[in-house]
Amino acid sequence: MNKMLAIAIAASILTSCNNSNEKEDSKPATDILASNLDSTVRPGDDFFMYANGGWIKRTPIPDAESSWGIAYLVQEEIYNRLRKINENAVNEKGAAGSISQKIGDFWKSGMDTVSIEKAGITPLNNDMKAIEGITDPGSLTSVMASLHRKGISGMFSNYVGQDDKNSEVMAFKLDQGGLGMPNRDYYFNTDERTVNVRAAYKKYMLQTLAQIMQDSASARKAADEVYALETRLAKSSRKLADLRDPYKNYNKMSWDALSKSAPNFDWKQYAKITGTSVVDTVIVGQPEFYSTLSNEIRSTPLPVWKNYLKLRLIQSSASYLDSKTYSDYFEYRKTLTGAKEPRVRWKRVLDAEENAIGEALGQLFVKEYFNETAKKRYNDIVENIREAYRERISRLDWMSDSTKQKAYEKLSRITRKVGYPDKWKDFSKLSIDAGPWILNIQRANEWWHEYDVNKLGKPVDRSEWSMTPQTYNAYYNPSNNEIVMPAGIFAVPGYRDEDLDDALVYGYAAASTVGHEITHGFDDQGRQYDAEGNLKNWWTEKDEEEFNKRASAIIKQFNEFNPVDTLHINGNATQGENIADLGGMLLGLDAFKKTEAYKKNEKIGGLTQLQRYFLGYALGWMYQDRKEQLARLVMTDVHSPAKERVNGPVVNVAEFYEAFDIKPGDKMYRPDSLRVKIW
Ligand SMILES: [Zn+2]
């Protein structure tokens, strides 16, 4: 239940080669904030376009991408750095089993397109045979379990995580899942864009089944049957906004109780094969989904289930197989993201490597690219934000004193993780060789499965990181009451950290990352977890009521935004993130006002300190999206799109009006009575 910062880097990013080293050697001559402005737009009309429009106008989205913006530019630098690390590893020819051997072989197996083309989908033969061998619900269960071990999705989702009600214990969690499209809405929405995605998905199912079946008539029949099965599972799945309530999505039960409520799936056998039988209870997110699944296991003929599993297997593996298998899949993906062509191969290999052994790469990465001075700067910023939040809470007129005391306690105990972990994961038991690539991927998935399952029944390791140091992202984890900010999130492309002025950094990182993440511990979801990380609400009913009253104003504000076609933002589903953006902006500002830079108030690049603060914030959301992608984000993401993440919160902040001299009559102007005030 990490609340990720809003970047839609779907575990992968970008294109175009720049030489990042050249940039690093000399101080950049231009001020990044001044050079991204669009001076033809008035800040009071559309602040996002004023701040980022110059860059947007001169920067087309590359054909291989569905979005383009700051995270991708940072990622571009990171890609180039990682590529060098990989190429060095290949040349080094490290001893068998060494990190360098694994990185080098992973890279080689992914780049070896000759072998990949020759093999086609044959590396999946053993898995295909296992699926073909299913004869009854029992063998269906065992095959599903061994596919789950290898990271092949199907039927439902499972993961190991802290027990929400007892953060000292790791639990095995079962959620709804098993769909071929991103979520239930894709099966039922009737707008044109979704209808197109459905058509492309059905076409993809048909092509894939035709590849492995004797004749086209049986492939067509099989595709229809599998689609109907998925639709029934989708119908029984909860909607995005209904997944927000941690109590309703927490249903602890024994394996026996689960076996009683979903009797047609052999849970005992599943637990044995997945290595999860060490725990006697599981946490089921959506019990009604499991009843449906169980009924389907009885009522859907086994041949349909077999075709369903074959599809899941090929769809999950498509990115690592031959070009025909991949391009069929990519044609469908296009309708979801709008990207016109696949990302270049070496970047796709790095994306996969990031998922498989990212921390091994990260170890080499930070050695070269995140120094002690930078680490200290951001550690200090976290403490300044913590103090600003304490002061803000003390001034709240709607929160009771008893709740305030608990808030101070929780705030003071938030663990800060900045840059990279103190202790690295040990990949020595993972075997990586020169190919086939897909089998390296499967073994890595199995390593991660073992790694997670091994946590069951053991004390929680609170020093662990769930993101690699080179990631452009951050999270708050309520079960550990911690904020985690990898080195990558602080990077501004083309600039060294010491070249960045405080106003920019407080807007870009302190507000949109540190402040944003810290408020997650106190919002409608985070407040349900106490200082120890247990699901135990520490607010009074009256405080909740007051908070909800204020939250309803931000729900209303965001419901009005209409980023694409007829789609409006779902103010309810995105409220937690919108509140965090607004809170983060205020906290960053409070902390910034205490810096020497703010007090001196010198202009840089012709911009005042206050202007630079808000522009630094907007730089963090400098993105443009294709319409397909924007629609997908609005339907599936609990974050608002980039533009609204800037224009939404700023209009609630008094200093914004002051900084850009915005007056009644300007488009962005909101009278004080309409401004949302929460933190
Ligand atoms: Zn967030």
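The values are calculated or read from the model by the stated rules, or taken from the named source; none is laboratory data. Source: prediction; values computed, not measured. No Cβ is skipped: glycine too gets one built from the backbone with ideal geometry, and neighbour counts run over all protein chains shown.
Give the residues of region 129-141 that are crowded, with 18+ Cβ neighbours inside 10 Å and within 33 Å of the chain's Cα centre (by Cα), sorted by residue number. Residues satisfying the conditions are 131, 140, 141. Taking the criterion of being under 16 Å from residue 176 (Cβ atoms) and of a type in the set (D, E, K, R), the residues of region 242-260 that qualify are 242, 244, 245, 248.
Scanning region 583-614 for residues that are in a helix (DSSP H, G or I) and closer than 16 Å to residue 390 by Cα yields 583, 584, 585, 586, 587, 588, 589, 590, 591, 592.
Suppose we filter 203, 221, 272, 252 for residues that are farther than 22 Å from residue 334 by Cα, within 30 Å of the chain's Cα centre (by Cα), surrounded by fewer than 18 Cβ atoms within 10 Å (Cβ to Cβ) and not hydroxyl-bearing (Ser, Thr, Tyr); which single one remains? Lay out the reasoning, then the answer.
On the way: 203 fails: farther than 22 Å from residue 334 by Cα; 221 fails: within 30 Å of the chain's Cα centre (by Cα); 272 fails: within 30 Å of the chain's Cα centre (by Cα).
Of the residues listed, the single one that is farther than 22 Å from residue 334 by Cα, within 30 Å of the chain's Cα centre (by Cα), surrounded by fewer than 18 Cβ atoms within 10 Å (Cβ to Cβ) and not hydroxyl-bearing (Ser, Thr, Tyr) is 252.
How many of the residues making up region 192-220 are assigned to a loop (DSSP other than H, G, I, E, B) and in contact with an Asp or Glu (Cβ under 7 Å, 6 or more places away or on another chain)?
Here is the first cut: in region 192-220, the residues assigned to a loop (DSSP other than H, G, I, E, B) are 213-215.
So of that shortlist, the ones also in contact with an Asp or Glu (Cβ under 7 Å, 6 or more places away or on another chain) come out as none.
So the count comes out to 0.
No other residue among 554, 569 is assigned to a loop (DSSP other than H, G, I, E, B), touching a residue at least 24 places away in the same chain (Cβ under 8 Å), within 16 Å of the ligand (Cβ to nearest atom) and in contact with a helix residue (DSSP H, G or I) (Cβ under 6 Å, 6 or more places away or on another chain) apart from 569. Taking the criterion of being assigned to a loop (DSSP other than H, G, I, E, B), out of contact with any Pro (no Cβ under 7 Å at 6 or more places or on another chain) and surrounded by fewer than 16 Cβ atoms within 10 Å (Cβ to Cβ), would at least one residue in region 643-661 satisfy it? There is at least one residue in region 643-661 that is assigned to a loop (DSSP other than H, G, I, E, B), out of contact with any Pro (no Cβ under 7 Å at 6 or more places or on another chain) and surrounded by fewer than 16 Cβ atoms within 10 Å (Cβ to Cβ).
So, residue 616, is that one under 30 Å from the mean Cα position of the chain (by Cα), within 16 Å of the ligand (Cβ to nearest atom) and either farther than 15 Å from residue 514 by Cα or surrounded by 16 or more Cβ atoms within 10 Å (Cβ to Cβ) (or both) or not?
Details: under 30 Å from the mean Cα position of the chain (by Cα): yes; within 16 Å of the ligand (Cβ to nearest atom): no; either farther than 15 Å from residue 514 by Cα or surrounded by 16 or more Cβ atoms within 10 Å (Cβ to Cβ) (or both): yes.
Against the criterion (under 30 Å from the mean Cα position of the chain (by Cα), within 16 Å of the ligand (Cβ to nearest atom) and either farther than 15 Å from residue 514 by Cα or surrounded by 16 or more Cβ atoms within 10 Å (Cβ to Cβ) (or both)), residue 616 does not qualify.
Let's see how each residue does on (1) in contact with a strand residue (DSSP E or B) (Cβ under 8 Å, 6 or more places away or on another chain); (2) farther than 24 Å from residue 514 by Cβ; (3) surrounded by fewer than 19 Cβ atoms within 10 Å (Cβ to Cβ); (4) of a type in the set (Ser, Thr, Tyr):
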| position | (1), (2), (3), (4) |
| --- | --- |
| 407 | no, no, no, no |
| 416 | yes, no, yes, no |
| 430 | no, yes, no, no |
| 458 | yes, yes, yes, no |
| 469 | yes, no, no, no |
| 477 | yes, no, no, no |
| 487 | yes, no, no, no |
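Restricting attention to region 271-289, the residues that are farther than 27 Å from residue 245 by Cα and among the aromatic types (Phe, Trp, Tyr) total 0.
Residues in region 221-256 that are part of a helix (DSSP H, G or I) and within 11 Å of residue 290 (Cβ to Cβ): 233 only. Would you check if there is a residue in region 409-422 being outside any helix (DSSP H, G or I), away from the ligand (no atom under 16 Å from the Cβ), under 30 Å from residue 317 (Cβ atoms) and acidic (Asp, Glu)? No, region 409-422 contains no residue that is outside any helix (DSSP H, G or I), away from the ligand (no atom under 16 Å from the Cβ), under 30 Å from residue 317 (Cβ atoms) and acidic (Asp, Glu).
Going by what's in this entry, would residue 33 be described as buried (at least 22 other Cβ atoms within 10 Å of the Cβ), more than 20 Å from the chain's Cα centre (by Cα) and either part of a loop (DSSP other than H, G, I, E, B) or modelled with pLDDT of 95 or more (or both)? Quick ask: steps written out before the conclusion?
Details: buried (at least 22 other Cβ atoms within 10 Å of the Cβ): yes; more than 20 Å from the chain's Cα centre (by Cα): yes; either part of a loop (DSSP other than H, G, I, E, B) or modelled with pLDDT of 95 or more (or both): yes.
Considered against the rule, which asks whether it is buried (at least 22 other Cβ atoms within 10 Å of the Cβ), more than 20 Å from the chain's Cα centre (by Cα) and either part of a loop (DSSP other than H, G, I, E, B) or modelled with pLDDT of 95 or more (or both), residue 33 comes out as yes.
In region 386-406, is there at least one residue being of a type in the set (S, T, N, Q), under 27 Å from the mean Cα position of the chain (by Cα) and either under 20 Å from residue 492 (Cα atoms) or in a helix (DSSP H, G or I) (or both)?
Within region 386-406, the first condition is being of a type in the set (S, T, N, Q), and the residues that meet it are 394, 400, 402-403, 405.
Those still in the list that are under 27 Å from the mean Cα position of the chain (by Cα) too: none.
Within region 386-406, none of the residues are of a type in the set (S, T, N, Q), under 27 Å from the mean Cα position of the chain (by Cα) and either under 20 Å from residue 492 (Cα atoms) or in a helix (DSSP H, G or I) (or both).
Looking across region 557-566, the residues that are within 21 Å of residue 189 (Cβ to Cβ) and either within 16 Å of the ligand (Cβ to nearest atom) or not β-branched (Val, Ile, Thr) (or both) come down to 558, 559, 560, 561, 562, 563, 565. Scanning region 148-165 for residues that are outside any strand (DSSP E or B), out of contact with any helix residue (DSSP H, G or I) (no Cβ under 7 Å at 6 or more places or on another chain) and surrounded by 21 or more Cβ atoms within 10 Å (Cβ to Cβ) gives a single hit, 164.
Scanning region 493-528 for residues that are free of Cβ contacts under 8 Å to residues at least 40 places away in the same chain and either within 14 Å of the ligand (Cβ to nearest atom) or farther than 30 Å from residue 543 by Cβ (or both) turns up just one, 500.
Being at pLDDT 95 or above and either away from the ligand (no atom under 16 Å from the Cβ) or closer than 30 Å to residue 34 by Cβ (or both): is that true of residue 597 here?
Working: at pLDDT 95 or above: yes; either away from the ligand (no atom under 16 Å from the Cβ) or closer than 30 Å to residue 34 by Cβ (or both): yes.
So residue 597 fits the description; yes.
Scanning region 121-132 for residues that are over 16 Å from residue 154 (Cβ atoms) and in contact with a helix residue (DSSP H, G or I) (Cβ under 7 Å, 6 or more places away or on another chain) turns up 121, 123. Of 233, 321, 243, all but one fail to be at negative phi and within 23 Å of the chain's Cα centre (by Cα); the exception is 243.
For region 46-87, the set of residues classified as in contact with a Gly (Cβ under 7 Å, 6 or more places away or on another chain) and either within 22 Å of residue 337 (Cα to Cα) or of a type in the set (D, E, K, R) (or both) consists of 66, 70, 74, listed by residue number.
Taking the stated definitions as given, is residue 353 out of contact with any Pro (no Cβ under 8 Å at 6 or more places or on another chain) and farther than 30 Å from residue 322 by Cβ? Spelling it out, it is not the case that residue 353 is out of contact with any Pro (no Cβ under 8 Å at 6 or more places or on another chain) and farther than 30 Å from residue 322 by Cβ.
Right, residue 349: over 17 Å from residue 143 (Cα atoms) and of a type in the set (A, V, I, L, M) or not?
Values: over 17 Å from residue 143 (Cα atoms): yes; of a type in the set (A, V, I, L, M): yes.
Yes.
Check whether at least one residue in region 247-263 is in contact (Cβ under 8 Å) with a residue 12 or more places away in the chain, aliphatic (A, V, I, L, M) and under 30 Å from residue 439 (Cβ atoms), and report yes or no. Scanning region 247-263 turns up no residue that is in contact (Cβ under 8 Å) with a residue 12 or more places away in the chain, aliphatic (A, V, I, L, M) and under 30 Å from residue 439 (Cβ atoms). Filter region 572-594 down to the residues that are within 12 Å of the ligand (Cβ to nearest atom) and of a type in the set (Asp, Glu), then identify the one that is surrounded by the fewest Cβ atoms within 10 Å (Cβ to Cβ). Ranking the candidates gives 577 first. Reported count of residues in region 529-551, each being within 16 Å of the ligand (Cβ to nearest atom) and modelled with pLDDT under 90, is 0. Here's a check for you: in region 437-491, which residue that is within 16 Å of the ligand (Cβ to nearest atom) and among the hydrophobic types (A, V, I, L, M, F, W, C) is nearest to residue 383 (Cα to Cα)? Once the filter is applied, the top-ranked residue is 483.
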